[in-house]
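The values are calculated or read from the model by the stated rules, or taken from the named source; none is laboratory data. Treat the numbers as computed from the prediction; the structure is a model and nothing was measured. We place every Cβ from the backbone using ideal geometry, glycine too, and count neighbours over all the protein chains shown.
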Amino acid sequence: MNMRLKKELIIGTIINAIVVCLLLCNVNSIQAAIIEIDTFQPIIMMEKVNIEQAVAGSEFTLNLAVRNVSTNPGFNLALDFSVDGNEENKEMFPFTLKSDQETTIDKLDGNENRTVALTFTVDPDAQNKEYQLNINLKGQDAEFRNTVSSVTSIAVPVTYDVTKPILMVKSVSVSPEDADITEGFETYFQIVNLSKTTEARNVMLLLDGGDNFEVIDISNRKNIAKLLKGGSQGVTYKLRAKDTKTSNTVDLKISFDYLGSESEEIKETITLPLPKEEVGIGETPRVIINKYTLSDERVLAGNTVNLSLYIENTNKRAVKNVKISLGVIKIEESSSGGGSTTTTGGTVFSPVNSSNSFYIDYIPGKTVIQKNIDLYVDPNASAKTYIVPVDIKYEDRQGETLTCEELVNIPVTQECKLEVLSVDVASQGFVGQPVPIAAEFVNVGKAVLGNFIITMEGDFNKEDSTYYVGNLDIGVSDFYQGTIISQEEGALEGKLVFAYIDNNNKEVRVEKPFSIEIGSNAEPPQGMDGKVGPDGFMEPGMPMNGEPDSGGGFVNTLKTKWLTILLVLVVLFEAIYIIRVKRKKASEEFFDE
């Protein structure tokens, strides 16, 4: 037999070589012809002859035709089965080949046909749908090499036994569609009986949300007295998401009776039509101060301010038993020795008509709640921005206490007040003669006056018209002195302007007007008859009666130089005034230190 096979192999190889040569030759005289090519390897094909109805929980038979379309025999042909879409350990579900079935053909000669009958069982949990059954055939050629392979796919529709009810969930919906799953929502299940001959009685539904959902109805059991053949009925559950939720699935167990004493139970895992959990959602809910507002941009010490807190639950999971407290402000004070600092507790804010804490029963997920509190500011509070800690304590749905601390900044300002103690100016002056003007002022407010400057304004000649102080500290006094020289007679109008920047960064102007009556150059005293010299002063002369002065040189000088003496006295008075003011200021600075 081996010699015959070798001869056939040699003949087949020669024929193949001749055919290839003829195909490669470009001969116009040769007409197209059908050439049958035979090889040493067998060619096996499979096709379905017929198939019985596949019913869940029963058996069916598949008649399969196996054909060898070549002239070469095939040996040790073995059939293997699988179903599309299954895992490796359940590659044939819902079908099982019965154990007494023959799935091997020892030999299939060339051009031989063979019909194979295969009996399968159908799992009772099979769905009412069409399954793709894949059949794979492998075998050997005449030299017993594994060269034979053939695959075919057969559609096997599975139906249910018409003698019993087949219950399943036809559809699921939730209400409302944009429901807050942590608050609760309704789920509607449509149950259908696919049987066309048998009704189901005493249908009991048991819903289990597992770690994903909890049933907030009175019971997780629902009952349908009768479900007619081909009929359907809906049931509604009210659910709420758990903190441990990881998916949108629930388990629904359905049990029912039929045909008197017969009963059955099925279980389905159902995915609710809810949005998928966002990536990155935390297990722990967070409560924060989303923002805060003040009734006034800057709070004046001694006044009342309204503080509005916007408390946000950033998580989708609700929180409860929320307590919010305004903490104690930490104030640093310098110790008396060593220059070190000690920290003490204190506050410049006092709640009005309430305590420093308030309570919120419940904050739903992704929700902001506004709370208002009135605070009275200590009149002696320093002008600065205070940091107020806000302590938040709350519980999650499991009852675990969580804490959070936020900070609120409240700027406090003090009243700025400048007191001008005096403005000293002569009520009358003379043309071309200097007239001194002086003013004394003090910061009687509780805030430093910045960029403090004094300016004398008016349409006249002036000396030392501007005095820049810089920062005028709290309780500090100072003085200003300038000089006016008018060139015209009449009423002279002017003003002293005290300008500074307050602690709200706003410019403040305090104006003090003054008025001086300017006369012409003074006349000689009564009884004097002198002449005005080139320097503007009176020259010595004779008395009004024409008799020479007999009072001596001092009297004569006093009579003739009276205006010069008057100016000297004015300058002397001004010097004494300046010395006194400077001494007073030095004394104040000494005591301040």
- Does at least one position in segment 73-94 carry a residue that is more than 30 Å from residue 269 (Cβ to Cβ) and of a type in the set (Val, Ile, Thr)? no
- Number of positions in segment 411-459 that are aromatic (Phe, Trp, Tyr) and more than 16 Å from residue 508 (Cβ to Cβ): 1
- Search result, residues across segment 66-92 that are modelled with pLDDT of 90 or more, surrounded by 14 or more Cβ atoms within 10 Å (Cβ to Cβ) and of a type in the set (A, V, I, L, M): 66, 77, 79, 83
- Here the residues within segment 312-336 that are modelled with pLDDT of 85 or more and over 17 Å from residue 351 (Cβ atoms) are 312, 313, 314, 319, 320, 321, 322
- Task: Tell me, yes or no, whether segment 217-229 has at least one residue that is in contact (Cβ under 8 Å) with a residue 40 or more places away in the chain and out of contact with any helix residue (DSSP H, G or I) (no Cβ under 7 Å at 6 or more places or on another chain).
- Result: yes
- Of everything in segment 133-152 that's assigned to a strand (DSSP E or B) and among the β-branched types (Val, Ile, Thr), which residue is nearest to residue 75 (Cα to Cα)? 148
- May I ask you to list pairs of residues, at least six apart or on different chains, whose Cβ atoms are under 8 Å apart, with the first in segment 237-266 being at positive phi and the second being surrounded by fewer than 15 Cβ atoms within 10 Å (Cβ to Cβ)? 259/163
- Query: For segment 387-492, which fully contained strands (runs of 3 or more DSSP E) count at least 2 residues that are under 51 Å from the mean Cα position of the chain (by Cα) and at pLDDT below 85?
  - Reply: 401-413
- For segment 153-164, state whether one or more residues are assigned to a loop (DSSP other than H, G, I, E, B), touching a Lys or Arg at 6+ places or on another chain (Cβ under 9 Å) and of a type in the set (S, T, N, Q). no
- Query: For residues in segment 93-117 being in a loop (DSSP other than H, G, I, E, B) and without any contact (Cβ under 8 Å) to a residue 40 or more places away in the chain, which is surrounded by the most Cβ atoms within 10 Å (Cβ to Cβ)?
  - Reply: 93
- Message: Which pairs turn up if I take residues in segment 51-76 that are charged (D, E, K, R) and look for partners that are buried (at least 17 other Cβ atoms within 10 Å of the Cβ) with beta carbon separation below 6 Å, at least 6 apart in sequence or on another chain?
- Response: 52/60
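For every residue, the table says whether it meets (1) closer than 30 Å to residue 327 by Cβ; (2) surrounded by 19 or more Cβ atoms within 10 Å (Cβ to Cβ); (3) in contact with a Leu (Cβ under 7 Å, 6 or more places away or on another chain).
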{"residue": "407", "(1), (2), (3)": "yes, no, no"}
{"residue": "412", "(1), (2), (3)": "yes, yes, no"}
{"residue": "417", "(1), (2), (3)": "no, no, no"}
{"residue": "424", "(1), (2), (3)": "no, no, no"}
{"residue": "428", "(1), (2), (3)": "no, no, no"}
{"residue": "437", "(1), (2), (3)": "no, yes, no"}
{"residue": "442", "(1), (2), (3)": "no, no, yes"}
{"residue": "470", "(1), (2), (3)": "no, no, no"}
- Looking only at segment 354-377, count how many residues are over 26 Å from residue 319 (Cβ atoms) and at pLDDT below 85. 0
- Which numbered condition residue 187 misses (of (1) within 19 Å of residue 48 (Cβ to Cβ); (2) touching a residue at least 60 places away in the same chain (Cβ under 8 Å)): (1)
- Can you confirm whether segment 271-283 contains a residue that is surrounded by 14 or more Cβ atoms within 10 Å (Cβ to Cβ), closer than 30 Å to residue 372 by Cβ and of a type outside the set (A, V, I, L, M, F, W, C)? no
- Query: Is one or more of the residues making up segment 191-207 free of Cβ contacts under 8 Å to residues at least 24 places away in the same chain, more than 30 Å from residue 52 (Cα to Cα) and among the hydrophobic types (A, V, I, L, M, F, W, C)?
  - Reply: no
- State yes or no: is residue 250 under 30 Å from residue 131 (Cβ atoms), among the β-branched types (Val, Ile, Thr) and surrounded by 15 or more Cβ atoms within 10 Å (Cβ to Cβ)? yes
- Item | Residue selected from segment 77-92 under the condition within 16 Å of residue 122 (Cα to Cα) and not in a strand (DSSP E or B), by the criterion farthest from the chain's Cα centre (by Cα) | 92
